[in-house]
Structure formats: structure tokens, C-alpha cells
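The values are calculated or read from the model by the stated rules, or taken from the named source; none is laboratory data. These numbers come from a predicted model, not from an experiment. Every residue, glycine as well, gets a Cβ built from its backbone with ideal geometry; the counts of neighbours run over all protein chains shown.
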Ligand SMILES: [Zn+2]
């Protein structure tokens with residue numbers, strides 16, 4: 001089954017398991033509480049357990065294929081703090097916007113299987129701003145900060161988010177991985193050479209690898225076109 005521990009609960013985990021979902025098999029007779037403690041997290045630190053998006057007691061017996069989200073007590077969010085406003089969680093319909101935000105360097109969680117309860121619980125635990133086109137979602141009492149987007153087009157949505165939260169689109173930091181939101185780290189060409197097409201190998205010398213999903217990146221024509229599009233949005 002798939003486990004993900006949110007916010008500071010990651011401090012209890014082995015580094016490769018922090019901030020991401022991972023597979024972990026649990027024996028049929030084991031409770032969620034037992035599994036969570038076996039992974040290193042004391043049950044007293046857990047405020048909310050979600051199994052397949054639904055709140056569940058710690059004594060729940062897990063089944064193969066279950067998706068388990070483990071959340072700490074809600075963090076106090078200062079809505080005025082820019083770092084809080086610039087960390088996002090996008091609803092299931094905003095996958096393309098999530099990719100643009102990641103490309104522009106902004107920490108954005110997105111998962112097409114999250115339901116509303118799960119999404120707002122994660123937003124509250126991690127102090128993230130909820131992005132959605134569903135105004136009912138923003139009416140839930142756990143939502144501290146959010147934006148209801150009017151436009152259908154992902155780049156127009158990016159412009160809207162940038163305007164509302166004063167995102168420095170042009171001075172944004174390095175791109176995050178479009179697939180998994182981790183921050184790629186520079187990697188020596190020699191280490192990735194074998195994975196590259198001959199044309200890429202000949203044309204580029206600077207490469208990055210995502211620590212989350214191991215994808216390799218370089219600043220090719222696709223990257224340049226996306227950079228130009230973000231620049232154009234920033235000028236509006
Ligand atoms: Zn990745």
C-alpha cells in the first residue's frame with residue numbers, strides 16, 4: 001500500500017521517504033497505528049489518518065492497494081507570510097496549472113486521486129494555499145487561504161495566481177520537477193550520458209536530476225518555450 005507522511009512528520013522518516021508517497025507492505029493483521037510506528041512515527045504525533053481519502057481511526061486494518069495519508073496537528077498559518085502564500089495545492093482539475101507553477105519554481109502539490117476532504121486536510125497541515133475552480137471547496141472551514149480561479153486556460157490561470165499572490169514569476173527560482181514537485185539537483189554529464197539521445201548529448205553540457213522521480217532535465221527547446229511563455233505572462 002502507499003503511504004505518505006505530511007509536514008513535520010517527515011522528520012521521523014528515513015530521508016528517501018520524506019515529502020513523498022512510498023510503497024510499504026503491511027501484514028493483514030496489522031493496524032495502521034502499528035504500521036505507522038514501525039515506520040518510525042509515534043502515534044501521539046498523528047492528528048489525522050486518511051485511508052483512500054477518508055478519515056479513519058488508527059486501529060484500521062489496512063488492505064493491499066490502500067492509499068494512506070498521515071497528517072500532524074494543524075500548523076498555525078500566518079496568511080500574511082509570503083512563503084505560506086507561495087506554497088500551493090491544486091485540485092484534481094488543475095494538473096496543467098500545477099505543472100506551470102512547478103516550472104516557474106513554486107512548490108505545488110497535485111494528485112488526481114485526492115478528494116476534497118484529503119486536499120483540504122493536506123492544505124491545512126502544510127499551510128498551503130488551495131487552488132480550485134470549485135467555490136464550494138473553498139467554503140470548507142479548514143481552508144485558510146485559497147483562490148477560486150475563473151479561467152479555463154492553464155496559462156491564464158497562472159497569470160491569475162501570479163497577480164493575486166504577487167508571485168515573482170520572472171525572478172522565480174529554479175524549476176521544480178513537473179511530474180513530482182521535487183527540486184532537481186545538478187548532475188555531472190558523465191553520470192547521465194548513457195540515458196541521453198545522441199543529439200542531446202552533443203548539444204548540452206548542463207544537466208539536472210530529480211531526486212523524487214530520477215528524471216533528467218536540461219534546458220532544451222521545450223524548456224526555452226515554457227520560459228518564454230512564463231515571461232509573457234509575467235509582463236501582463
Ligand atoms: Zn520528479
inquiry  = For the range 53-67, which positions are closer than 10 Å to residue 2 by Cα and buried (at least 16 other Cβ atoms within 10 Å of the Cβ)?
reply    = 66, 67
query = Residues of the range 185-204 being modelled with pLDDT of 95 or more and part of a loop (DSSP other than H, G, I, E, B), which ones?
reply = 188, 204
key: Lone unmet requirement of (1) in contact with a strand residue (DSSP E or B) (Cβ under 7 Å, 6 or more places away or on another chain); (2) more than 27 Å from residue 118 (Cα to Cα); (3) away from the ligand (no atom under 16 Å from the Cβ) for residue 148   = (2)
query = So is residue 167 part of a loop (DSSP other than H, G, I, E, B), more than 16 Å from the ligand (Cβ to nearest atom), within 23 Å of the chain's Cα centre (by Cα) and within 25 Å of residue 111 (Cα to Cα) or not?
reply = yes
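Are any of the residues in the range 190-202 away from the ligand (no atom under 16 Å from the Cβ) and touching a helix residue (DSSP H, G or I) at 6+ places or on another chain (Cβ under 7 Å)? Break it down into steps so the answer makes sense when it comes.
In the first step, residues of the range 190-202 are kept if they are away from the ligand (no atom under 16 Å from the Cβ); the result is 190-191, 193-194, 196-202.
Next, only the ones that are touching a helix residue (DSSP H, G or I) at 6+ places or on another chain (Cβ under 7 Å) stay: 193, 201.
Yes, because at least one residue in the range 190-202 is away from the ligand (no atom under 16 Å from the Cβ) and touching a helix residue (DSSP H, G or I) at 6+ places or on another chain (Cβ under 7 Å).
Does residue 187 fit the bill of being under 22 Å from residue 4 (Cα atoms) and surrounded by 15 or more Cβ atoms within 10 Å (Cβ to Cβ)?
no
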note = Within the range 208-226, residues being touching a residue at least 40 places away in the same chain (Cβ under 8 Å) and near the ligand (Cβ under 8 Å from one of its atoms) number 1
message = Against the condition assigned to a helix (DSSP H, G or I) and buried (at least 17 other Cβ atoms within 10 Å of the Cβ), how does residue 100 come out, does it pass?
response = yes
